[in-house]
Each structure stands twice: as structure tokens, then as C-alpha cells.
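The values are calculated or read from the model by the stated rules, or taken from the named source; none is laboratory data. This one's a predicted model, so the numbers in the text were calculated from it and none came from an experiment. Cβ coordinates were reconstructed from backbone atoms using ideal geometry, including for glycine residues, and neighbour counts include every protein chain displayed. The protein model used for the area step is the full one, side chains on, heavy atoms only, and it has no ligands, DNA or RNA in it. Shrake-Rupley method; radii C 1.70, N 1.55, O 1.52, S 1.80 Å.
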Amino acid sequence: PMGSLVDRFGVKRILTVGVCCNIASAVVFLVADAVTELILAQVTLGLSFLLHVVGAQAYISNLQNRSNVEKGFGQLSSVAAIGQSLGPVAGGLLVVHSGYRAAFTASLIISLMGLAVLRLKDDQLAAKNIARWSVTPELRQVARLIVEPKIIYVLIFSFAIIFAVNLRSSFLPVFLRTQSINEAGIGLIIAFLALTATLVRFFFARLCGIFD
């Protein structure tokens, strides 16, 4: 139903809520002194990520010029790749030199800057005029899709890949710490993983053509 929420409330509002969730997550990380608070921060951060992805993709998809759509998705992927590569390195260096709170403070400041940019943005991100919105049609569409055999295969395959990637991403830092690698080294290794995932995209279309 996230796509319909974007149509009803507009990209700007969805992105604003996403940034606010990111700010809230950073604040909770700064003051957390219990596992439950860390879990709350992670849940809020996950919601923020989802809202950012859906909002940005919806905005690009609604561009009038088709070439701008392709260029927009390319730019979005490039910027995301830069962030995923530089973020772990910068965070690791901050932790080594100034502690964990410095990294969370930097995240908070960057999120506040993003919120300021959104407030200055014009009304091109405004909501569409929808007289009545209901989640029921969206759920019915999902129900029709999940009974399709091809969709089921894709979902199972995607689940397996995402599960494996998240399992690795979650416990890799823990393993690296047991190998006496400091936070800066861990950030650099994670950055290389993100960079490799980005480089694969340049060859993805060709690979699909080979194995299709």
C-alpha cells in the first residue's frame, strides 16, 4: 500500500516523515542505554529507509519525460552507492577518533540538513488529488499476484537472497571484531562490499542477456 500512500499524501510528506524517522532513530541511539531502546531505534531506522526508497522511486517514476526517468533512477542508484560506500568509512573513523556518539551525532546533523532541504523544496512533490483512498484495492491486487506461480518463485528466490545478505551483514561486523579489527577497518570492508554491489549493476543487463 505504500505506493497509494505516496499518491494520497505526496512525495514531500512521505520523504519528510522518513527524514523525521531518521532523526528520531539517531536521537534514540544517542540516549539508548538498553537493548529495547536499540531495537526501537533500529525499527524506526528501517521505516525511514522504506519511506525514503518508496518516496524517491515514486517521484522519479512520475516524471513526464521517459529519458528523465531512466536518468533519474541512474542518479538515484549512484547517489545511494556513494552513501553506502562513504558512510561506513566515515562512521568507522568517527568511532575510532571520537566514539560512537560522534557517529550518531553526525547522522542526526545530516538528517536535519535533509529535512531543511525538503522544507525548501517547491510543490512539485505535492500530493495528487484523490477523493477517496482505501487499502482494500491494494490488498486485493496483492492477493491476485501472490497466487501466480512466477511471482511465487520470484518471491522465494528474493527472500532467500535477501535473507542471506542480511545474515551476512548483521554478523560480519561481530566476526570482524573477534579478529581484532577496529571500527575503521570494519567500515572500510563494508564500504568495499557496497562498492562491489554497485559495480555489478553496470554488467547486470549483459548478464541477464547471457542467462535469459
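Taking the Cβ of residue 100 as the center, what net charge do the other residues with Cβ under 15 Å away carry, scoring Lys and Arg +1 and Asp and Glu -1?
Numbers: positive: 101, 177; negative: 33, 37, 183.
Neighbourhood net charge equals -1.
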What net charge do the residues around residue 186 carry, taking every other residue with its C-beta under 15 Å from that of residue 186, with Lys and Arg at +1 and Asp and Glu at -1? +1
Whole-number accessible area per residue in Å² for the stretch 136-187, which is evaluated in the context of all protein chains at 1.4 Å: 81 Å²
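Rounded to the nearest whole Å², what accessible area per residue is found for the stretch 72-121 with the 1.4 Å probe?
Roughly 63 Å² per residue, with all protein chains present.
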Inter-probe distance in nm under a simple model that places probes 7 Å from Cα toward Cβ, at residue 166 and residue 192: 2.6 nm
Karplus-derived HN-Hα couplings along the stretch 167-173 (A = 6.51, B = -1.76, C = 1.60, θ = phi - 60°), whole Hz, x at Gly and Pro: 4, 5, 5, 6, 9, 4, x
When all protein chains stay in place, what accessible area (Å², nearest 10, 1.4 Å probe) is found for residue 79? 100 Å²
